[in-house]
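Heads up: the structure comes next, in structure tokens.
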Amino acid sequence: MSSSSPGALRALVDSATTDLEALVAISTPSGDVPGTESALELCEARLPLDASVERVRCSSPGHAPDLIAGLAGSGSARLLLLGHLDTVVPHGEHIALQRDGDRWRGSGAVDMKGGVALALGVASWLAKRRELFSELALLLVVDEEWRLEPFAHLDRFAGFDACLCFEAGERTAAGEEAVVVKRKAAGTLEVSARGRAAHAGSNPDAGANALLALAEVASVVASLHAPHGSDELSVVPSRLRSGGAINVVPPSGELMIDIRAKSSAAFDRVIGAIPGSLHGAEIEKELIRSWPGMDSGAASAALLERAGERLGRPIVGAARGGASDASHLAGVISLTIDGLGPRGGHAHSPEEFAYAPSLGERLEISMALCEALDDSLDERHG
């Protein structure tokens, strides 16, 4: 079992509960600077007193700076804790935390302000266990939900021993504690069509219908959807905008397509299936957002086994389809483990919730991983 006492764990859970409620109370849609600054101010106030704090350029222009906090220790591990504060929910639809038994509903409760609250708790716990690390960093980014630029922090953390990311947690169908060690590559494909306007009643055939062109593109790419195939390719047309007046042939439009696969190499097949013109409209396509795949299953297996022994119950590596900044960090930190946040559900919807009893469970998992990592590095260096 972890060496932390039940009383210490209860105190961490109480603190994480307070932080979760306070963070969810602040509306932080991606790109909103005032809300983000309020949330980051709260996080900074919760850090250990001797933590260094840097505000560094966000990957996305026009956003508030990201936050990096640091602590020095006496151990061996260079450890990164990772989270994000932005949500997909606009201010007018924001929901502050509402407690309904064990289901705590609110915007960003599980994706991922609950995870940020737990990351702050782990940092606080580690501040009293400095023998477990030589360098601890907490990275809180503010643009994870809608980033169109390359992730900015890879060079900074290359060479760290481990990255723990606090996206939502889960359990297996058998009820075992699970963490995320595998994610699909993910991309957002934007397709635009330029046609020709014409009166829909008196001269419709003089137009070139951009809406029809994009509808056919949506059908073509959707036919490639094969999530159970060898590439595990999912192709989902997700948004279509075209036209203005109801009596005019639509001269332009945009189609957004969500693509996920084992490897981003499969995206080329989708892009290549889109013709250069349809129904007299010219078609352009651009992959405006791309996330790498992640597979740290082999690298993390021994650590998960050792941490499970400390915990007194197995910790299982699982796969998840959703994208995460852990996927970026896994390219430079082979031992990257995600899914350490609270369990919950309905992310990105008005019904989003965190499951309150999981706060303590996920803290225990994170602490066991930190202790097991220290054991592993001591053996390696010994």
(message) Within region 33-52, does at least one residue satisfy the condition of being outside any helix (DSSP H, G or I) and buried (at least 22 other Cβ atoms within 10 Å of the Cβ)?
(response) no
(request) Kindly establish whether residue 342 is touching a residue at least 24 places away in the same chain (Cβ under 8 Å), assigned to a loop (DSSP other than H, G, I, E, B) and surrounded by fewer than 21 Cβ atoms within 10 Å (Cβ to Cβ). (result) no
(request) Report, by residue number, each residue of region 170-183 that is over 12 Å from the mean Cα position of the chain (by Cα) and of a type outside the set (Asp, Glu). (result) 171, 172, 173, 174, 175, 178, 179, 181, 182
(request) Filter region 102-128 down to the residues that are surrounded by fewer than 20 Cβ atoms within 10 Å (Cβ to Cβ) and in contact (Cβ under 8 Å) with a residue 60 or more places away in the chain, then identify the one that is nearest to residue 363 (Cα to Cα). (result) 124
(message) Given the condition surrounded by fewer than 24 Cβ atoms within 10 Å (Cβ to Cβ), in contact with a strand residue (DSSP E or B) (Cβ under 7 Å, 6 or more places away or on another chain) and of a type in the set (D, E, K, R), answer yes or no: does some residue in region 299-312 qualify?
(response) no
(request) Those residues that are at pLDDT 95 or above, surrounded by 16 or more Cβ atoms within 10 Å (Cβ to Cβ) and within 30 Å of the chain's Cα centre (by Cα), I need them from region 267-293; list them, please. (result) 267, 270, 271, 274, 285, 287
(message) Is it the case, given these coordinates, that residue 363 is surrounded by 21 or more Cβ atoms within 10 Å (Cβ to Cβ) and part of a helix (DSSP H, G or I)?
(response) yes
(message) Residue under question is residue 66, and the condition is that it be in the same structural domain as residue 105 (by TED's automatic domain parsing), under 25 Å from residue 160 (Cβ atoms), of a type in the set (Asp, Glu) and surrounded by 18 or more Cβ atoms within 10 Å (Cβ to Cβ); does it hold?
(response) yes
(request) Those residues that are of a type in the set (Val, Ile, Thr) and over 19 Å from residue 68 (Cβ atoms), I need them from region 1-43; list them, please. (result) 13, 17, 18, 24, 26
(message) Cβ contacts < 7 Å: first residue over 11 Å from residue 107 (Cα atoms), restricted to region 16-31; second residue assigned to a loop (DSSP other than H, G, I, E, B) and of a type outside the set (A, V, I, L, M, F, W, C), any location; separation 6+ or different chain. Result?
(response) 30/86; 30/143; 31/62; 31/63
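The values are calculated or read from the model by the stated rules, or taken from the named source; none is laboratory data. The structure presented is a predicted model; accordingly, all values stated were derived computationally and were not measured. Glycine also receives a Cβ, built like all others from the backbone with ideal geometry; neighbour counts cover every protein chain displayed.
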